[in-house]
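Written out below as structure tokens is the structure these notes cover.
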Amino acid sequence: MPSEVNQNTQNMLSARQLFCERDDRVLFDSLDFDLAEGEVLQVQGGNGSGKTTLLRIICGLHDSFEGAISWYGDPIEKQRELFYSSLLYMGHRVGVNKILSPLENLRWSCSMHGSTTPTQIESALAQLGLRGYENSPCHMLSAGQQQRVSLARLLISPAKLWVLDEPFTTLDAHGVKDLENLLANHVDNGGSVLVTTHHKLNVSSGIHYLKLDDVGHD
Amino acid sequence: MTESETEIIMGERGISTFEAFRATLKRDLLVAFKGRNELLNPLMFFFIVVSLFPIGITPDREVLTEIAVGVLWVSALLASLLSLDNLYRSDYEDGSLELLLLSPHSLYFMTLAKILSHWLVSGLPLVLLSPLLGYMLALPTEAYWTMIVTLLLGTPILSLLGSIGVALTVSLGSRGLILAMIILPMSVPILIAGTLAVGSVMDGNPVGGHIAIMGAMLAVAASLAPLASAAALRISVN
């Protein structure tokens, strides 16, 4: 355990002494960070520095690591369901089924976190520039549009913590701006964001950086 | 009307596990019906394999009667194996599986929903088609009901066991035969119980015991297989 344990209850998510090794290569060692309500933590690092692995560890998708992760002060593994009901994760694979339409995809993925109405989904899609595509199968949409379908979850979900892995990759300039606005809104409403991106985030307040490059390589 | 009703009932945004179960079931059925080719594959396979036997062995009714049950069961097993990959693979590839794993609901019920949907689109049609194929194989009239009941109990077990195998292998690049090697040995008891039941009714013996054993197998599989699948899925996404 580290000597100074942060007792501040505002800390939504904290990680202590995280260690992860992959194929005999240390990705990170004694990694500590805190994320409070209304903050953005941008994870930075080169390709292969373990950004995605870190995000997956936080979400509980990857379990070969050492260290402690806590959610509002309590160990995360003791309150998975509570944590998951406040978590929205978007990975490299955006979670959009190619056969289903955006509307059908969102109806399912959002229903996991709470009840939604078709009107809510339609307005979220419209807000992300997908009006008119609600009912076309997703394999007809471009990669960027599929990403937008997945981003529509941000507008609908009540989750307080967003974990976004490279959310800007396939978006056009307009999409980048939309997403930045979404992030800013979320933070203003007391939500938190854990994000990996090479993009320079244009969010006014509460942005912190976590650099992975210098952690692992000794 | 119904939409606004649900909105009123669901004052708070949280939904029950049952609702999530229903949403997942509905989604998977929708995916299955929208990809119609995949839906018909196991059924066509079942039909073709069974109809090859009279051609390949002999059209002699007595011989066919003898092998009918075995042929039907083995073909059902292979057809179910053929359709299993749909269970989690596309979800794994497009990332929906991660969303499922990160849902606040018990993964047990979510996998159960997916398995139920898989059985409804691949197992149940086989059961419905089986009387026709039984007729083709000169199955004696008294054996029809037993065959339908045992298939009705047995095909869900095949989906349940298959789910464990697919969950274990979903992240492997080249699965090839490994899925069959995991699932087929586990399916042998069902094959034995199913063929024994139909065989004993053809010999004029009571079948209650065989059917009870299959029922018990189904109960055990339904309670344990989703648990094993859920654990296997967590390992697979690692």
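Just a few scattered comments:
- Members of region A:95-104 that are facing chain B (nearest Cβ under 8 Å) and either of a type in the set (D, E, K, R) or buried (at least 20 other Cβ atoms within 10 Å of the Cβ) (or both): A:GLY95, A:VAL96, A:ASN97, A:LYS98, A:LEU100, A:GLU104
- Index of the failed condition, A:ARG107 passing every other in (1) of a type in the set (Lys, Arg); (2) more than 8 Å from every other protein chain (Cβ to nearest Cβ); (3) assigned to a helix (DSSP H, G or I): (2)
- In region B:12-34, the residue that is nearest to B:LEU84 (Cα to Cα) out of those that are part of a helix (DSSP H, G or I) and β-branched (Val, Ile, Thr) is B:VAL31.
- Odd one out for A:TYR209, checked against (1) more than 12 Å from chain B (Cβ to nearest Cβ); (2) more than 12 Å from A:VAL40 (Cα to Cα); (3) of a type in the set (Phe, Trp, Tyr): (2)
- Looking across B:LEU64, B:LEU87, one residue alone is in a loop (DSSP other than H, G, I, E, B), crowded, with 16+ Cβ neighbours inside 10 Å and either more than 14 Å from the chain's Cα centre (by Cα) or modelled with pLDDT under 90 (or both). It is B:LEU87.
- Note on region B:35-52: among residues that are at pLDDT below 90 and assigned to a helix (DSSP H, G or I), the one that is nearest to B:MET147 (Cα to Cα) is B:PRO42.
- Output for region A:62-76, where each listed residue is crowded, with 18+ Cβ neighbours inside 10 Å and among the hydroxyl-bearing types (Ser, Thr, Tyr): A:SER70
- Helices (runs of 4 or more DSSP H) fully within region B:100-176 that include at least 3 residues being without any contact (Cβ under 8 Å) to a residue 12 or more places away in the chain: B:124-136.
- Restricting region A:77-94 to residues that are within 7 Å of chain B (Cβ to nearest Cβ) and buried (at least 24 other Cβ atoms within 10 Å of the Cβ) leaves a set whose member that is farthest from the chain's Cα centre (by Cα) is A:VAL94.
- Those strands (runs of 3 or more DSSP E) of region A:115-218 in which at least 1 residues are modelled with pLDDT under 90, considering only elements entirely within it, cover A:207-211.
- Among all positions in region A:123-137, there is at least one residue which is small (Gly, Ala, Ser), under 20 Å from the mean Cα position of the chain (by Cα) and crowded, with 20+ Cβ neighbours inside 10 Å.
The values are calculated or read from the model by the stated rules, or taken from the named source; none is laboratory data. What you are looking at is a predicted structure, and each value in this text was computed from that prediction instead of being measured. Note that each Cβ is placed from the backbone with ideal geometry, even for glycine, and that neighbours are counted across all protein chains shown.
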